[in-house]
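As structure tokens, the structure follows; a few thoughts come after it.
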Amino acid sequence: MSERTTTDRRTLLKLAGLGVGAAAVPGAVVAQQTDPVPQPGAAPVPAPPSPPSGHDMSAHAAPAPTGVAPPAGYIFLDSDEASFIEAFVDTLIPADEFSAKGTDLGVAAFIDRQLYSGWGRGNNMYMQGPFREGTPEQGYQLALSPADIVRVGIADVNAWVRKAHEDNSFDTIEDAVRVDVVTQLEAGKIELKEVPTSVFFNMLFQLTMDGFFSDPVYGGNRGKASWKLLGYPGVGEMYSDKIAEWRNKPFRVEEPLSIQDMS
């Protein structure tokens, strides 16, 4: 992989600190909604599909994290899409000495909930035409909601993989091949049929980061794994009384506070 394409945990941590990617994703800053909010004239909420059977990621076996059990089933993703998302997040966040893999941390469930929410359906986005190719300064110009971008992009990538790798799908190719596919997506070397590659990749990358670093109340970051990894103290507290004690020393806490802990 190139220097830019080492999308591993260390890159995630660096990019999270810089806020990279948010500007490339429509409405990224308003993600982390938990419930769909019906709007007049909006597309009807899709009926939740039956929960898919568990995706076999035995090759990524890792210790199960402690904390709140993940929600059962998916409410937006169908079985094939869930397999894709699980494979994608486990490629970016593999199990290692730092934490469990992404699916065990609830990242795939987080993405599913975001896509099902009003944010996923673009309720707060301007979705009227005309839709023309704009300049980079004009931002997002497509007619698709975030959920549609991910859904169509998954189909596009799977179609490309089936053609390039003997009828496999993204989740069934070998791990090393999957890393290569993700690397090519990130570098824009794979041209998707329906959605711009950079729009799809940046959106899914941003959602993965959000699921890894967000408050556990939204379904990801199970057991506050990434917060503990960073020493991030969590939310809802003033730290002015600790300035003198920790002056010129890294301030780390063993048990961060979630929104759930404040209720």
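The values are calculated or read from the model by the stated rules, or taken from the named source; none is laboratory data. Please read these numbers as outputs of a predicted model, since none were measured by experiment. The area values use the complete protein model at the heavy-atom level, side chains included, leaving out ligands, DNA and RNA. Shrake-Rupley method; radii C 1.70, N 1.55, O 1.52, S 1.80 Å.
Figures for the structure shown
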{"quantity": "Average accessible area per residue (Å²) across segment 90-230 - probe 1.4 Å, nucleic acids and ligands excluded", "calculated": "43 Å²"}
{"quantity": "Under 12 Å from K193, Cα to Cα: aspartates and glutamates that are on another chain or at least 8 residues apart", "calculated": "D156"}
{"quantity": "Prolate/oblate/rounded call for segment 99-214, Cα gyration tensor, a/c under 1.5 rounded", "calculated": "oblate"}
{"quantity": "Overall form of segment 161-263 per C-alpha gyration tensor (a/c, 1.5; a/b vs b/c)", "calculated": "prolate"}
{"quantity": "Carbon + sulfur, % of accessible area of segment 112-238 - ligands and nucleic acids excluded, 1.4 Å", "calculated": "49 percent"}
{"quantity": "Reach of K189 by Cα under 18 Å, taken over lysines that are not fewer than 8 positions away in the same chain", "calculated": "K163"}
